[in-house]
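For reference, the structure is listed below as structure tokens.
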Amino acid sequence: MSRTTKTITFSLPPDMADSVAVIMKQEGRTRSELLREALRRYIEDREWRQLLRYGEQRAREQGMGPHDVERLVEEYRAEAT
């Protein structure tokens with residue numbers, strides 16, 4: 001039977017490792033749980049940043065700027081109701 005997880009080893013500066021230990025104790029979580037959550041959030045944040053960059057690029061290509069956002073939101077809301 002294959003494992004559902006993969007072990008990865010990495011190092012942290014002592015002050016960061018101490019912070020992780022404090023948070024583990026405060027939240028009653030394992031180091032693995034805490035670091036998995038941190039990486040999950042980083043990955044989600046990275047995906048959002050990529051999506052925003054894509055949207056900004058597409059808007060520029062279509063000659064749209066920040067001033068168009070409010071108008072587009074209002075149009076969408078009008079169509080949705």
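The values are calculated or read from the model by the stated rules, or taken from the named source; none is laboratory data. Model, not experiment: these values are computed from the prediction. Every residue, glycine as well, gets a Cβ built from its backbone with ideal geometry; the counts of neighbours run over all protein chains shown.
A few remarks follow.
- Test: Q62 is at pLDDT below 95 and either more than 17 Å from the chain's Cα centre (by Cα) or surrounded by fewer than 10 Cβ atoms within 10 Å (Cβ to Cβ) (or both): yes
- Flag if R3 is touching a helix residue (DSSP H, G or I) at 6+ places or on another chain (Cβ under 8 Å) and not in a helix (DSSP H, G or I): no
- Unique residue being in contact (Cβ under 8 Å) with a residue 12 or more places away in the chain and either part of a helix (DSSP H, G or I) or exposed (fewer than 10 other Cβ atoms within 10 Å of the Cβ) (or both) when the list is L52, L39, L34: L34
- Matching residues, the range 6-26, being assigned to a helix (DSSP H, G or I) and of a type in the set (S, T, Y): S19
- Members of the range 1-21 found to be surrounded by 10 or more Cβ atoms within 10 Å (Cβ to Cβ) and β-branched (V, I, T), listed by number: V20
- So A21, is it small (G, A, S), modelled with pLDDT of 95 or more and within 15 Å of the chain's Cα centre (by Cα): no
- A residue that is among the β-branched types (V, I, T) and touching a helix residue (DSSP H, G or I) at 6+ places or on another chain (Cβ under 9 Å) occurs somewhere in the range 56-73.
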